[in-house]
Amino acid sequence: MKALNRKLWRDLRTMWSQALTIALVVASGVGGFLTSLSAVDSLADARDAFYARNRFADVFASVKRAPDALAARLASLPGVADVQTSIEQVVRISLAGSSDPVLGLLIGLDRRYPPRLNQLTLAAGRALDDGTAPGDMSADAPAGSDAALDALVSLGFARARGLAPGATLQALVNGRQRTLRIVGLALSPAHIFAGLFGSPDQRGFGVFWVDQDALAAAYGLRGAFNRAALRLTPAGALGGLPPEVNERAVIAQAAALLAPYGGTEPTGRHDQSSHAMLQGEINEQQVLGTVLPVIFLAVAAFLLNVVVSRLVGTQREQIAALKALGYANTTIARHYLQLVGLIAGVGLLLGLALGHWLGGQLLGLYAEVFHMPRFVHRIAPGLVAVAAGITLLITLGGTLSAILATVRLSPAQAMRPPAPGRFRPTLAERLGWHQLPTGLRMVLRNMERRPLRSALGIAGVAAAVAIVVMGNFFRDAIDRLVDIEFRLALRGDVTLWLTDPVDAAVALQLARLPGVLAVEPARQIEATLVNGHRRERLALRGLPRQPQLNRLVDVDGSAVALNGDGLVLTDRLAHKLGLRVGDLALLELPQGRHRQLVLPVDALVREAMGLNATMRLDALNTALGDGDLASGYVLALERGREAELLDATRQLPLVAGAFSKATMLRNMQAVTTRNVLIMSSVLTLFATVIAVGVVYNNARIALAERGWELASLRVLGFTQGEVSALLLGELALQTLLALPLGMLAGRALVSGTAALLRNDQFDFPAEIQPRTYAFAVLAVLAAALASAAVVRRSISRIDMVSALKTRE
Amino acid sequence: MRTMSSPAVSAAPSVFCARGLSKTYQSGDVAVAALREVDLDVRSGEFLVLLGPSGSGKSTLLNILGGLETASAGSLTHRAPDGSITDLTQADDAALTSYRRRHVGFVFQFYNLIPSLTALENVALVTDIADAPMPAADALARVGLAPRCDHFPSQLSGGEQQRVAIARAIVKRPQLLLCDEPTGALDFATGLLVLETIADINRSLGTTALVITHNAAIARMADRVVVLGDGRIQRVQTNTAKCAPAELSW
């Protein structure tokens, strides 16, 4: 081995602990980057493969009832490659031994013509058409037959409820209790994500595939369909029409065809709920996978900079000697580059391993929520190349100035000891504050002498605080969302919705149900809000003038009054459509015949979830030309009587479904609590790596630079404690300054990330609980104290004798 | 000017009493004896020069006397001004720290000033932790640096820095002033000024002064000269008439 390489290894061995902390910071950044991006890559890969193999449709339409013959007309539209019609109905499901309200989506499967689009993959059991015993379930079962229906069930619901082939459950099919017998567990590209109302509650919502004819018979839909899925011709097939233009054209034409049959506006994949949730998660993770690693790598660059600057500083005489011996500048520069390259390289490798492992774990978590046949975690070579490129960049960026300094150093100059550091009174002293204790004075002057390094050191610790704040912010955000949605907005306990809007007098009937304290009506209709060429599908809500059980609440938790007759829009919705208060908005309603409403925008409200249009119930009914109608009711209940009430509603044919707030919260909690805990633990661990990296390296460097000074003080009779206080005081001061800055930075980071994450579904409230700040501060303080303790041990080993003999 | 060695010194009680003092360093697998069975008494108020080439053991001896390290064998007792006697070979780190803090003033070859503190503040560093110090400004005045008291080390010449170091060493009115090659990094004229300062402190405050040097010329200003070589005391020479620093030349 060449002597210079031997020096490289020895230098590394001497500074191994510092090198390790830096490598770990690099590893955290690279690992975080690869974890997030490889997991979403793999998720997208699995999705794309699933979509392609099971022929996921491009456009989705729903109608009240359209004749089968219409399918051929849809298929003949230009730009449409294939059409699949089906029947879907939402029903109430009862499971033996559970009073939880559960909703089921029944989807008809035509056994003679297996679906060409949105095909199923069987995960367990058998398909509907295999091994069916004669008479057990037949295509020509009479309408209203009470025979048990064979069903395939969505894998997510089956897992959440522990259902296996052979299990049975009850479904309220058009007013009749029918038994569903599970024969198989299935996966569908249209229901990769299937939770109740877009929440991660997989226990409250299941998808069931049953015989189409039986379903048609039960709902009087023989020879008709109420759902259509369209597959578009591949891009380029239509004279190079861009896919999104083609999609818009098809949607417009399909809408026109379906309108007479009570069609709502068809949607593209973008608005298909399962696809939208999956895409939302991918976008979210891409933001997190980019923002956080950038911080880590910036800190790593700073650490490399201080450590290498210091190393070059201490080795200036060696560098001079090497130059005097005839080593070229490039050789010496390369020598130091190799040193930082090795440190960063180890960090990169550790980061790869970390990304490989954590990415697989994250994908495993996804697999519990997003149901697809095959998940393979892989880190794309491109991602590795990007990670390596970024690592190289920060390594060079962080160390270039220090390494160029070796080139500029002339041998003769380097042989002379460096001049003593130039100090001056601190700003506080120049401003006339002379009462500073000597120790504090030394600390302050040291910091002022190297303002950039001090500032970066403070910034590094602040970054650690900010990252812990960020890691725990999601818990706060979710708590806040839950608080807004389920305590401030929805104050009722159970929501019932009806098969059809009925006269509000039904409220009297509901009020007599067991345990009911109060009843409040609401109406909801599907609509498309239009402004010029911009359109958005939404559910138009009608609420009472002074709602008590189901209120409109903004992100800050204040209830919004419905004073006028016009619309109150979610601010994001108004912004998306370019609507302002006072504008007139056009609403297209499908409900049987195509109707249009023109309503003024009364107010905008910043809502945390969804894109909503809300108005007063009576105004809505008047605008629709209806009497006093409601499509749902929110009930407030006596404590402990929910099960009783839910049982009673099962006997009411007009109740299409029930939603229990308590059950949904319970079901959601298990999933979110765990996921948030994992996320916050991982980020807290990463932040600890940063805090230790910054504080430990700063302390080691301070010790190296001032060891001579500290040894002199020891000789003068200063105790170890006093000397430690001088050294660690500077770190303590830096850390103390960093804590409030870190909290501010955390707040900014959270606001920025929340803004980046803002989408149609969520506007994360960027509100941070005091406990999150407290936790972040404590975590970083603990890391700083641990680092200080290690350095404190080195102080006790300071060699006083050498201080007498050597000149710094 | 020649002054007689003061008879008071020879009659004074011992500050140090070393018997069989040895120090062995372990360097890898080899034990290196830096000091071998040294017997030495240092009397109160004495100006003692430890002379010897490098590797002779003079620094080791000074370090042990100054409480920077402990001997491997032998005994070393120190008598404080209040008459209390401590065996420095048995003292732990805390006891040695306290010993240095209360009784010893150090002057180093490279001054060892704190670069972030002004001259006055460097001296005040010691008054902050000493029992009955003189005012820091007085100590600086004594070494002739009152006008430079607000200067930082980087704004002072080498000689001025060394005089600040002396002021810092004497400000606590130490019993002992230990100087390790105090003129080693200085030119002749500046070195002379520093030696005059040390001699003045020894004379006027009665501080026992031990000066290490390899410069034999300096030995002429001492009461006694202890010549070391190979870890042992080669000879002790008493100057019946010591020189003033101004008469020295090298």
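The values are calculated or read from the model by the stated rules, or taken from the named source; none is laboratory data. As the structure is a computational prediction, the values presented were derived from the model and not from experiment. Positions of Cβ are backbone-derived with ideal geometry, glycine not excepted, and every protein chain shown enters the neighbour counts.
Per-residue answers, yes or no, for (1) without any contact (Cβ under 8 Å) to a residue 60 or more places away in the chain; (2) more than 30 Å from B:Ser154 (Cα to Cα); (3) surrounded by 23 or more Cβ atoms within 10 Å (Cβ to Cβ); (4) within 10 Å of another protein chain (Cβ to nearest Cβ):
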position	(1), (2), (3), (4)
B:Ser27	yes, yes, no, no
B:Ala33	no, yes, no, no
B:Leu40	no, yes, no, no
B:Gly66	no, no, yes, yes
B:Ser75	yes, yes, no, no
B:Asp92	yes, yes, no, no
When the residues of the range B:174-217 are filtered to those that are among the small types (Gly, Ala, Ser) and not in a helix (DSSP H, G or I), which remaining residue is nearest to the other protein chains (Cβ to nearest Cβ)?
B:Ala185
Within the set of pairs 6+ apart or on separate chains, which have a first residue in the range B:179-191 that is without any contact (Cβ under 8 Å) to a residue 40 or more places away in the chain, a second that is of a type in the set (A, V, I, L, M), and C-beta atoms under 6 Å apart?
B:Thr183/B:Val194
Only residues that are assigned to a strand (DSSP E or B) and among the small types (Gly, Ala, Ser): list them for the range B:59-102, please.
B:Ala73, B:Gly74, B:Ser75
Identify the residue in the range B:112-130 that is hydroxyl-bearing (Ser, Thr, Tyr) and within 9 Å of chain A (Cβ to nearest Cβ) and, among all such residues, is nearest to A:Glu448 (Cα to Cα).
B:Ser116
Among the listed residues A:Ala687, A:Ala662, identify the single one that is among the small types (Gly, Ala, Ser), within 30 Å of A:Ala732 (Cβ to Cβ) and either in the same structural domain as A:Ala505 (by TED's automatic domain parsing) or in contact (Cβ under 8 Å) with a residue 60 or more places away in the chain (or both).
A:Ala687
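Conditions tested, residue by residue: (1) more than 29 Å from A:Ile467 (Cα to Cα); (2) part of a helix (DSSP H, G or I); (3) away from every other protein chain (no Cβ under 14 Å); (4) of a type outside the set (Asp, Glu).
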{"position": "A:Glu730", "(1), (2), (3), (4)": "no, yes, no, no"}
{"position": "A:Leu756", "(1), (2), (3), (4)": "no, yes, yes, yes"}
{"position": "A:Ala774", "(1), (2), (3), (4)": "no, yes, yes, yes"}
{"position": "A:Leu785", "(1), (2), (3), (4)": "no, yes, yes, yes"}
{"position": "A:Arg797", "(1), (2), (3), (4)": "yes, no, no, yes"}
{"position": "A:Ser802", "(1), (2), (3), (4)": "yes, yes, no, yes"}
Quick check: anything in the range A:127-136 buried (at least 18 other Cβ atoms within 10 Å of the Cβ) and at pLDDT 85 or above?
yes
Tally up the residues in the range A:520-562 that are without any contact (Cβ under 8 Å) to a residue 40 or more places away in the chain and over 25 Å from A:Val482 (Cβ atoms), please.
1
Flag for B:Gly231 being in contact with a strand residue (DSSP E or B) (Cβ under 6 Å, 6 or more places away or on another chain), touching a residue at least 60 places away in the same chain (Cβ under 8 Å) and farther than 26 Å from B:Pro115 by Cβ
yes
Tell me the residue from A:Thr35, A:Thr14, A:Thr21 that is without any contact (Cβ under 8 Å) to a residue 24 or more places away in the chain and closer than 29 Å to A:Val695 by Cβ, please.
A:Thr14
What is the residue count in the range B:131-161 for residues that are part of a helix (DSSP H, G or I), more than 9 Å from chain A (Cβ to nearest Cβ) and either at pLDDT 90 or above or within 13 Å of B:Arg102 (Cα to Cα) (or both)?
10
Looking at the range A:482-530, which of the residues that are outside any strand (DSSP E or B) and basic (Lys, Arg) is surrounded by the most Cβ atoms within 10 Å (Cβ to Cβ)?
A:Arg491
